[in-house]
Amino acid sequence: VEFMQGNLTSAASIAKCFNEGGVKFDYCVNFAAETKYGQSEAVYEEKVLDLARKCADEAKRHGVKKFVHFSTAQVYAEGKKPSDENGATEPWTQLAKYSLMAEEALKKMDLPLVILRPAVVYGPGDVSGVSPRLIVAAVYKHLGKKMKFMWSSDLALHTVHVDDVAAAVWVACEKAKPGSTFNLADENGTNQGSINTILEKIF
């Protein structure tokens, strides 16, 4: 694997990544985006929406066989049942709002596009899924205080392990039909209560 560092908000930097070494790429997987919550809309516009467009433009120029775009399940409207891929969308974070806008922009670009919408991703490398809860639980244990959460135990927090996400990406590259959208989640139906029960056992 050859690693290259570049600024993917810059079209010139993206072109350099694609052109370095004269290699032709079959697949382009766009994992690049701002993932921090609480950023300004200008940040999300540049680092989610515009970044996706620029990477897709270059991938299209190079004739990739598949452009797999990593989005988020936070684009779905609130509901009592889990959303399928055709569920109503109503993003509930600014990050999700611009993720959905990026999806829509890419759909208009005549790309061999596959969209993946993961639930809460956990496992090695997780910094914004389950890990923050683990860290906070350790702090509360250290302080000897009871940890409380907003909302009730039945708040849905569907999960998917990063290994399964990686496998899904490869399947999407090799087998998914362009124009497809897939939710990525395990079958556990995880909610805040079930995650907290695990935290209680650990701490």
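Worth a mention:
- Checking each residue in region 182-194 for being part of a strand (DSSP E or B) and of a type in the set (A, V, I, L, M) picks out only L184.
- Residue check, V29 in contact (Cβ under 8 Å) with a residue 60 or more places away in the chain, open to solvent by 30 Å² or more (accessible area, probe 1.4 Å) and part of a strand (DSSP E or B): yes
- K201 vs. criteria modelled with pLDDT of 90 or more, surrounded by fewer than 16 Cβ atoms within 10 Å (Cβ to Cβ), over 23 Å from the mean Cα position of the chain (by Cα) and in a loop (DSSP other than H, G, I, E, B): no
- Qualifying residue in region 111-121 (condition: open to solvent by 70 Å² or more (accessible area, probe 1.4 Å) and not polar (S, T, N, Q)): no
- Yes/no for E103 being among the acidic types (D, E) and either outside any helix (DSSP H, G or I) or under 15 Å from V162 (Cβ atoms) (or both): no
- One residue from V43, V75, V64 being hydrophobic (A, V, I, L, M, F, W, C) and open to solvent by 30 Å² or more (accessible area, probe 1.4 Å): V43
- Of the residues making up region 125-181, just one is open to solvent by 70 Å² or more (accessible area, probe 1.4 Å), assigned to a helix (DSSP H, G or I), in contact (Cβ under 8 Å) with a residue 40 or more places away in the chain and under 24 Å from P82 (Cα atoms), namely D163.
- Residues that are outside any loop (DSSP other than H, G, I, E, B) and small (G, A, S) within region 52-71 comprise A52, A56, A59, listed in sequence order.
- Single residue of region 3-26 satisfying the filter (assigned to a loop (DSSP other than H, G, I, E, B) and either in contact with a strand residue (DSSP E or B) (Cβ under 9 Å, 6 or more places away or on another chain) or open to solvent by less than 70 Å² (accessible area, probe 1.4 Å) (or both)) that is farthest from V171 (Cα to Cα): S10
- Conditions (1) over 19 Å from the mean Cα position of the chain (by Cα); (2) at pLDDT below 95; number of the one not met by E174: (2)
- Single condition F149 does not satisfy, out of (1) over 17 Å from the mean Cα position of the chain (by Cα); (2) over 20 Å from Y37 (Cα atoms): (2)
The values are calculated or read from the model by the stated rules, or taken from the named source; none is laboratory data. Quantities reported herein were computed from a predicted structural model and do not represent experimental measurements. With ideal geometry, Cβ positions are generated from the backbone for all residues, glycine too; neighbour counts draw on all protein chains shown. We work out accessible area using only protein heavy atoms, side chains counted, and drop any ligands, DNA or RNA first. Shrake-Rupley method; radii C 1.70, N 1.55, O 1.52, S 1.80 Å.
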